[in-house]
Amino acid sequence: MKEKSKFITFLLSFIPGLSHLYLGFVDRAVIFLMVFFGTIGITLGLAYITYSDAFLAILILALPIIWLVALLDAFSLRKSLRSN
């Protein structure tokens, strides 16, 4: 199997789940995409319904955490693919 590029994995990680698709882990990709877009949808929906910007703070805090978890997971999967 051809080794996957570390640079492309990093670039695709800016939308959590795309790097997992690149690596061939479709199930994990769907989970990360659902969590990422679900968090955006729910917080924007709550902010719209309540007319409060406080929910946007949750978005600002949650998205980098989701991104970091997805990035670390993708790089650990890439490393395990390389060693096999």
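Find how much the distance from LEU56 to ILE42 grows on full extension, using 0.36 nm per residue of separation minus their present alpha carbon separation; answer in nm with one decimal.
Stretched out fully, the LEU56 to ILE42 stretch lengthens by 4.0 nm.
Using a 1.4 Å probe over the heavy atoms of the protein chains, calculate the carbon and sulfur portion of the accessible area of the chain as a whole percent.
With neighbouring chains kept in place, the figure for the chain is 75 percent.
Does anyone have the angle between helix 54-83 and the longest principal axis of the chain? Alpha-carbon axes, 0 to 90°, nearest 10?
Computed tilt is about 10 degrees.
Given bins 10 angstrom wide, list per bin the percent of all Cα-Cα distances in the chain, short to long.
Answer for the chain: a P(r) of 18, 43, 23, 12, 4, 0 percent.
Counting heavy atoms of the protein chains only and a 1.4 Å probe, report the per residue accessible area for the chain as a whole number of Å².
Averaged over the residues of the chain, the accessible area is 68 Å².
Net charge near LYS2, counting Lys/Arg +1 and Asp/Glu -1 over other residues with Cβ under 14 Å of its Cβ?
+3
Using alpha carbons only, how many degrees (0 to 90, rounded to 10) separate the axis of helix 26-50 from the longest principal axis of the chain?
Once rounded, one gets 10 degrees.
If we count every other residue with Cβ under 15 angstrom of LEU12's Cβ, Lys/Arg +1 and Asp/Glu -1, where does the sum land?
Taking every other residue near LEU12 into account, the sum is +3.
The values are calculated or read from the model by the stated rules, or taken from the named source; none is laboratory data. In this text, all values refer to a predicted model and were calculated from it rather than measured experimentally. Note that each Cβ is placed from the backbone with ideal geometry, even for glycine, and that neighbours are counted across all protein chains shown. Side chains included, ligands, DNA and RNA excluded: accessible areas come from the protein's heavy atoms. Shrake-Rupley method; radii C 1.70, N 1.55, O 1.52, S 1.80 Å.
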